[in-house]
Amino acid sequence: MDEEQQLAFFLEWDDPQSGLKKGYIMHYHGDNTVELVERKTRKIFLKRIRIPTVNLDDLYVGGSVTVYSRQLTIMESANEFTQKMLQQREDKALFVITPNGYAQMGRIVQLIEQSGVSVRDLRMVQLQKSHLATLQTAGAITDSNHQQLLLRDVSVLVEVRLSSAGAIEDAKMTLASAGVDDAVLVAPHGLETFSPGRTVDDIFPTTAVLDNCTLCLIRPRIVREARVGEILDAIVAAGFELSALKLVHLQMNEADELFQIYKGVVRQYHEILKYMCSSPCLALEVRGEDVARRFRELCGPFDVQVAKTLRPDSLRAKFGRSTIYNALHCTDCPEDGVLECQFIFRSLSS
């Protein structure tokens, strides 16, 4: 194929050893194979090879891909063909699950995932008056009752990429037919319009309480397969409170720090680290009495086959495939719950 008719992107990698940013050109082929070229020297850095975790849906400016444990940020398109492709896919929309929709949060996210759009970000926020002005300008807020409701308690923002011109209307119809449209506001823009030039973490401080809490990480496969809503629904239905949500893409050093207590204890530790950094996870702060023990029971045994035998109703039994692909991480020791939540929702944001 002609290089000008091939998807190509300029990438950056933060070298943890030197502290420098290194530039690459990535050529992406339709069969999940990629080639990396050093941007400065134009020397081949990685010959064409299949990387299963790099998918077409992951390729957009501001996104990131993981190639052999290196997390590379997509800076811009590297040719006109790619630029045109990105322009065709750049339309976004924002679904705002209001406080009235909290109990149905999982079901609503599930309906959004199934409506033909691609979820790009998902986070729990406390909206402020300045945010409401943006939503009002976009036509998402139509009366004062919405404003009072959104200021009263936390909301969940779901940013999606639209797959077609009519995707947002299709999603609205899906929500309406399920009877949950009154708990969801829709704005025809992405999160960046709330405050251009600032990071999303700066715009929306964490809602994490960091008290009587445990950490849950919904693993990359579940996020990629658009099954996040199912797990959220199961957690809320089991009586747990979700006080913070955030989509995170872990770096290797971050994952190693978070899971340090499992080093030398869990087999395939390094393989699990690589997998956890392969694409985004959804982090949850889960709260309640005796929450670490109770939530660990809901998750079930770490080994999926053991979970299917001994705890067939557990989340890992229902959603897991293997030890590595076991659907989610949960805090094991009660005393680590606050520390793990603090690491994800405070330390990584800063």
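Observations
- Selected residue [small (Gly, Ala, Ser) and over 12 Å from residue 219 (Cβ atoms)] from 327, 244: 244
- The set of residues in the stretch 17-73 that are assigned to a loop (DSSP other than H, G, I, E, B), without any contact (Cβ under 8 Å) to a residue 60 or more places away in the chain and of a type in the set (Val, Ile, Thr) comprises 41, 51, 54, 61.
- When we screen 339, 298, 310 for residues that are more than 23 Å from the chain's Cα centre (by Cα) and more than 27 Å from residue 159 (Cα to Cα), the only hit is 310.
- Checking the stated criteria, residue 188 turns out not to satisfy the condition of being over 29 Å from residue 328 (Cβ atoms), within 21 Å of the chain's Cα centre (by Cα) and surrounded by fewer than 14 Cβ atoms within 10 Å (Cβ to Cβ).
- Taken over the stretch 261-289, the criterion of being in contact (Cβ under 8 Å) with a residue 12 or more places away in the chain, out of contact with any helix residue (DSSP H, G or I) (no Cβ under 8 Å at 6 or more places or on another chain) and not in a helix (DSSP H, G or I) is satisfied by 267, 268, 287, 289.
- Odd one out for residue 209 among (1) within 25 Å of residue 103 (Cα to Cα); (2) of a type in the set (Val, Ile, Thr); (3) modelled with pLDDT under 95: (3)
- Scanning the stretch 245-260 for residues that are assigned to a strand (DSSP E or B) and either touching a Phe, Trp or Tyr at 6+ places or on another chain (Cβ under 7 Å) or among the basic types (Lys, Arg) (or both) yields one hit, 246.
- Residue match in the stretch 260-279 (condition: of a type outside the set (A, V, I, L, M, F, W, C) and closer than 23 Å to residue 102 by Cα): no
- Filtering 215, 232, 245, 210 for residues that are surrounded by fewer than 23 Cβ atoms within 10 Å (Cβ to Cβ), touching a residue at least 60 places away in the same chain (Cβ under 8 Å) and not small (Gly, Ala, Ser) leaves a single hit, 210.
- Here residue 183 fulfils each of the conditions (1) closer than 24 Å to residue 233 by Cβ; (2) of a type in the set (Gly, Ala, Ser); (3) out of contact with any Phe, Trp or Tyr (no Cβ under 9 Å at 6 or more places or on another chain) apart from (3).
- The set of residues from the stretch 309-335 being part of a loop (DSSP other than H, G, I, E, B) and closer than 24 Å to residue 270 by Cα comprises 320, 321, 322, 323, 324, 325, 326, 327, 331, 332, 333.
- Filtered residues of the stretch 62-105 (kept if of a type in the set (S, T, N, Q) and closer than 30 Å to residue 15 by Cβ): 64, 66, 69, 71, 73, 77, 79, 82, 83
- Residue check for residue 242: in a strand (DSSP E or B) and in contact with a His (Cβ under 7 Å, 6 or more places away or on another chain): no
- Condition check for residue 11: closer than 17 Å to residue 251 by Cβ and in a strand (DSSP E or B): yes
- One residue from 109, 158, 61, 65 being in the same structural domain as residue 188 (by TED's automatic domain parsing), of a type in the set (A, V, I, L, M, F, W, C), in contact with a strand residue (DSSP E or B) (Cβ under 6 Å, 6 or more places away or on another chain) and within 20 Å of residue 200 (Cβ to Cβ): 158
- Any hit, the stretch 89-102, residues being among the aromatic types (Phe, Trp, Tyr) and part of a strand (DSSP E or B): yes
For every residue, the table says whether it meets (1) under 23 Å from residue 57 (Cβ atoms); (2) among the charged types (D, E, K, R); (3) surrounded by fewer than 23 Cβ atoms within 10 Å (Cβ to Cβ); (4) in contact with a His (Cβ under 7 Å, 6 or more places away or on another chain).
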{"residue": "258", "(1), (2), (3), (4)": "no, no, yes, no"}
{"residue": "264", "(1), (2), (3), (4)": "no, no, yes, no"}
{"residue": "272", "(1), (2), (3), (4)": "no, no, yes, no"}
{"residue": "281", "(1), (2), (3), (4)": "yes, no, no, no"}
{"residue": "296", "(1), (2), (3), (4)": "no, yes, yes, no"}
{"residue": "311", "(1), (2), (3), (4)": "no, yes, yes, no"}
{"residue": "332", "(1), (2), (3), (4)": "no, yes, yes, no"}
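The values are calculated or read from the model by the stated rules, or taken from the named source; none is laboratory data. Computed from a prediction, not measured in an experiment: that's the story for all the values here. FYI the Cβ positions are ideal-geometry reconstructions off the backbone, even for glycines, and counts take in every protein chain you see.
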